[in-house]
Structure formats: structure tokens, C-alpha cells
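The values are calculated or read from the model by the stated rules, or taken from the named source; none is laboratory data. No experiment lies behind these values; they were computed from the predicted model shown. Here the Cβ positions follow ideal geometry from the backbone for every residue, glycine too, while neighbour counts run over all protein chains shown. Just the protein is used for accessible areas: all its heavy atoms, side chains included, with ligands, DNA and RNA removed. Shrake-Rupley method; radii C 1.70, N 1.55, O 1.52, S 1.80 Å.
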Amino acid sequence: SGDDLTGGYIIKIDKDTGTGGEGWTSTFTPPGRGGAQTIFYQYDYPKATNIVTQQKEYIKQFMSAFENALASNNFKDPNLGYSKYIDVDSFIDYFIANELSKNVDAYRLSTFMHKKKDSDGGKLFMGPIWDFNLGFGNADYCTKGNPEGLVIRFNSICNKDFWLIPFWWDRLLEDPAFRQRLSTRWMELRTDKLKTSKIHSYIDSVTAVLNVESQQRNFQQWPVLGKYVWPNYYVGQTYQQEVDWLKTWVEQRMNWLDLNLPNMITGVEINLKSDFSVNAFPNPFLRDFEIEYTMENPGTVSIELVDVTGRKIQETQTIHGAPGTYSIKIGSTEFSPGLYFYKARLNNVAVLSGKLVKQ
């Protein structure tokens with residue numbers, strides 16, 4: 001009773017083959033199956049054998065209140081909406097960790113949440129994060145192992161799967177405030193903890209430790225190098241090939257997210273055309289930079305520059321009466337160090353976008 005009733009819970013969305021198994025079904029169906037699918041929340045702590053009736057009712061009612069707030073017309077309201085119930089930053093970090101790794105199980109399996117007591121804020125946190133064996137390009141089904149694509153779109157990519165993603169995430173991304181915090185957090189991490197060089201250095205350090213003897217003993221016991229083991233997307237012939245592939249995959253994944261997360265956040269449309277190409281250099285830039293474009297037909301070209309929040313920095317428009325290669329030089333006095341994006345339109349159609357880094 002009292003404060004003790006309000007927190008200390010861990011619940012999860014998962015298959016029922018591990019711990020847990022008992023719980024309740026959400027009244028909200030996930031998008032993608034026309035209401036034919038359900039979301040089942042399981043008690044993880046206290047365990048189903050230990051949790052008492054009062055606790056079952058409390059956590060069920062809390063989750064129902066959160067989902068109702070998120071589904072309501074007031075879902076963006078800081079006092080009435082979803083942020084009253086959840087720690088938003090933990091949801092954003094969960095999103096980033098699972099999209100960075102392109103974890104095919106994200107949001108829908110091995111998904112843990114914990115609720116703190118009212119005396120400790122009383123909110124629902126995502127995590128602990130768990131189960132990444134099918135991340136980092138190691139799944140050859142549904143979202144696949146290539147470094148492109150968003151796992152958050154799983155329901156539309158693989159809508160016949162039995163386990164789908166709750167409606168939460170699509171709804172959260174409808175809120176500009178949530179998208180803004182996501183953009184800011186991604187930029188913050190990319191300039192520090194998630195710098196490609198830092199991740200590569202970490203992989204190299206672990207590789208060196210394992211290479212002393214552990215990986216040799218592992219593959220003597222389980223000789224799977226060069227053999228397909230479900231659901232491998234890539235099969236290397238040697239340990240070093242696997243390491244090299246992972247490092248390349250991570251770099252390509254980060255670059256893809258740099259380019260495409262802002263598209264989702266700011267609504268940039270990408271529609272690649274073969275008769276129009278754009279390049280920006282030097283990149284990264286310190287002072288001025290140039291944007292060069294080649295067009296096979298005459299037309300009007302506009303270049304828009306935005307920051308990570310989608311705020312427009314500059315825009316130019318030029319009419320060209322003949323095909324050819326053209327360039328514009330842009331001064332960087334309005335640019336603080338950080339990440340920026342350009343969007344190029346040919347004849348008022350958004351066709352290409354790319355990233356720029358100001359040092």
C-alpha cells in the first residue's frame with residue numbers, strides 16, 4: 001500500500017517462452033494488422049508467482065492511463081498527455097540504441113520497462129535494453145541486415161508477423177516536441193559517445209582482447225566461420241572478416257541515420273532522380289563550402305540549408321536555361337559548429353538531400 005505500491009515494477013513485451021508469462025492485454029491494437037493483433041504486457045518483477053492482486057491492478061491501471069493519454073487529443077499536453085506518465089529521455093535513448101543497431105526485435109520483443117515509485121518521480125522508463133543478437137546486420141528477414149532502413153517501420157514491412165510494435169512510437173513521433181528532443185539527443189551523442197571513430201576504437205579494443213585466445217577456442221568448439229547460421233545476413237570466412245564487416249556496417253549505418261533521421265524529424269522528402277546530382281565540399285568544412293550540382297535538363301534549382309531541428313538557415317534559387325554543372329559558394333558566418341543538412345529541389349520537387357558538418 002501507499003508509496004510501496006507505486007513503484008518497483010518491471011514489465012515486458014516478449015514471447016512467453018522465458019521468464020514471466022502472466023500479465024494483461026492492452027486495449028489498443030498495434031498499427032499494421034487492422035486490429036487483428038494485440039499487445040500483451042507481462043509481469044517480470046515482482047514475478048508472477050510473487051506479485052499480489054493490489055500490485056497487478058495498480059500497474060495495469062497505470063499503463064492503461066498512459067496509453068489513454070497517449071491516444072487522446074491532448075497527448076502533446078505536458079500536464080494531461082503522455083509526458084505525465086513516462087520519462088521521455090529514456091524512450092528517446094531506447095529508440096536511438098535500437099535504431100543504431102537496427103535490432104529487428106526492437107519495440108516488440110525483449111522490450112523491458114520499469115516504473116519508479118511516486119517518491120522517486122513515479123514515471124515509466126524504457127529499459128533495461130536487452131537482446132541484440134539479431135542487431136548490427138545479423139538478420140536476413142523482415143527489416144533485413146543492410147545498413148539502411150528504420151526498424152520503427154517494422155509493422156508495415158512485416159505486418160504478418162505475430163509480434164508487432166505497439167502504437168506508442170508512431171504516436172510519439174507525431175509530437176514535434178518529442179521529435180525535437182530526439183534530434184537534439186542524436187546530435188549530442190554523435191559528437192561524443194557515438195562518434196564513428198569512438199565506436200571503431202571500442203570494436204578494435206574488444207577484438208584485440210578476444211583475439212588473444214578466446215575467439216580461437218570459441219570457433220574450435222563451434223566451427224561456424226564461413227557457414228550460414230540462421231538468420232545470418234553476412235557470412236565471413238574468417239574472424240577478421242567478420243570484424244571488418246561489422247566496422248563497415250556500423251559506419252554506414254551511422255551515416256544513413258545522420259541523413260535520414262532528420263528526414264523523419266523535419267519531414268524532408270527524398271525522391272532520387274538520375275538526371276540531377278548534388279555534391280557539397282569540403283565536408284566537413286571550416287569556413288566556406290560549395291554546393292555543386294549537375295542537371296541534364298534546364299530548370300530551376302533551389303538549395304535549402306537547415307540545422308538538425310529543421311530551422312532554415314539559408315535558401316537560394318537559380319534559373320538555368322541550359323543543362324550543365326553549376327556551383328554556388330556559401331559563407332559559413334551563420335553556421336555554428338555542428339551538423340547541417342541541405343535539400344536540393346529541381347523544378348520545385350524535393351529530390352536530394354545530404355549532410356554537412358561545420359568544424
Exercise for the section: Mind counting the residues in region 137-156 that are of a type in the set (Val, Ile, Thr) and assigned to a loop (DSSP other than H, G, I, E, B)? Expected result: 1
Handout entry: Within region 1-120, strands (runs of 3 or more DSSP E) holding 1 or more residues that are crowded, with 19+ Cβ neighbours inside 10 Å and touching an Asp or Glu at 6+ places or on another chain (Cβ under 8 Å)
Key = 9-13, 40-45, 111-115
Fill in the blank from the handout: Of those in region 280-306 that are open to solvent by 40 Å² or more (accessible area, probe 1.4 Å), assigned to a strand (DSSP E or B) and closer than 12 Å to Lys329 by Cα, the residue modelled with the lowest pLDDT is Phe281
Fill in the blank from the handout: For Asn255, the lone unmet condition from (1) surrounded by 15 or more Cβ atoms within 10 Å (Cβ to Cβ); (2) under 30 Å from Ser201 (Cα atoms); (3) modelled with pLDDT of 85 or more; (4) within 24 Å of the chain's Cα centre (by Cα) is (1)
Practice task
Please give the helices (runs of 4 or more DSSP H) falling wholly within region 167-254 in which 3 or more residues are small (Gly, Ala, Ser).
Solution key: 196-210
Practice task
Would you confirm whether any residue within region 146-155 is modelled with pLDDT under 95, acidic (Asp, Glu) and more than 26 Å from Ala36 (Cα to Cα)?
Solution key: yes
Problem - Boolean, Asn133 is of a type outside the set (A, V, I, L, M, F, W, C) and closer than 28 Å to Val235 by Cα - result: yes
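Where residues in region 275-301 are of a type in the set (Val, Ile, Thr) and touching a residue at least 40 places away in the same chain (Cβ under 8 Å), which of them is farthest from Thr191 (Cα to Cα)?
Of region 275-301, the ones of a type in the set (Val, Ile, Thr) are 278, 291, 294, 300-301.
Narrowing further to those that are touching a residue at least 40 places away in the same chain (Cβ under 8 Å): 278, 291, 300-301.
On the way: Val278: 25, Ile291: 24, Thr300: 35, Val301: 32 Å.
In this case the residue turns out to be Thr300.
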Practice task
Could you list all residues from region 157-166 that are part of a loop (DSSP other than H, G, I, E, B) and either of a type in the set (A, V, I, L, M, F, W, C) or open to solvent by 10 Å² or more (accessible area, probe 1.4 Å) (or both)?
Solution key: Cys158, Asn159, Lys160, Asp161, Phe162, Trp163, Leu164, Ile165
